[in-house]
Amino acid sequence: SNFNQIIDGIKELMESSPPEVVDEVMQKGVILTGGLSRIEGINKFFEDELKIKVYCNDKYEYSTIYGLMKLTANEEAFSKILIS
């Protein structure tokens, strides 16, 4: 199923991520955004599959702009993604 493909992709990403990133995700969990977060019970499904806390963003339609606002407010993080 599509959900299993998402789970597999997340597991691959976690396996290839630096240990400090994995530790933070394991401690704090993750936030689902966008249309996926609208599916009732999806956070429980991901929690059961990934064994991490999963939160859903109730303002999913604004997730991208909120993320961009936070990123641009952090000059150091923003400079890392700029292409010269």
Which numbered condition in (1) touching a residue at least 12 places away in the same chain (Cβ under 8 Å); (2) in a helix (DSSP H, G or I); (3) surrounded by 11 or more Cβ atoms within 10 Å (Cβ to Cβ); (4) not β-branched (Val, Ile, Thr) is the only one that GLU47 fails? (1)
Six or more apart or on different chains, Cβ under 7 Å: which pairs go from a residue in segment 58-76 that's within 12 Å of SER37 (Cβ to Cβ) to one that's surrounded by 11 or more Cβ atoms within 10 Å (Cβ to Cβ) and not hydrophobic (A, V, I, L, M, F, W, C)? Could you list them? TYR60/THR33; TYR60/GLY34; TYR60/SER37; TYR60/ARG38; SER63/THR33; SER63/GLY34; SER63/ASN57
Complete set of residues in segment 12-26 that are surrounded by 13 or more Cβ atoms within 10 Å (Cβ to Cβ) and hydroxyl-bearing (Ser, Thr, Tyr): SER17
Given (1) in contact with a helix residue (DSSP H, G or I) (Cβ under 7 Å, 6 or more places away or on another chain); (2) of a type outside the set (S, T, N, Q); (3) assigned to a helix (DSSP H, G or I); (4) under 19 Å from GLY9 (Cα atoms), TYR55 misses just (3)
Going through GLY41, GLY35, GLY29, GLY9 one at a time, which residue ends up being exposed (fewer than 15 other Cβ atoms within 10 Å of the Cβ) and either in contact (Cβ under 8 Å) with a residue 12 or more places away in the chain or among the hydroxyl-bearing types (Ser, Thr, Tyr) (or both)? GLY35
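FYI, it's all coordinate maths here, none of it is from the lab. These numbers were taken from a predicted model, which means no experiment stands behind them. Counting neighbours? That spans all protein chains shown, and the Cβs are built from the backbone with ideal geometry, glycine included.
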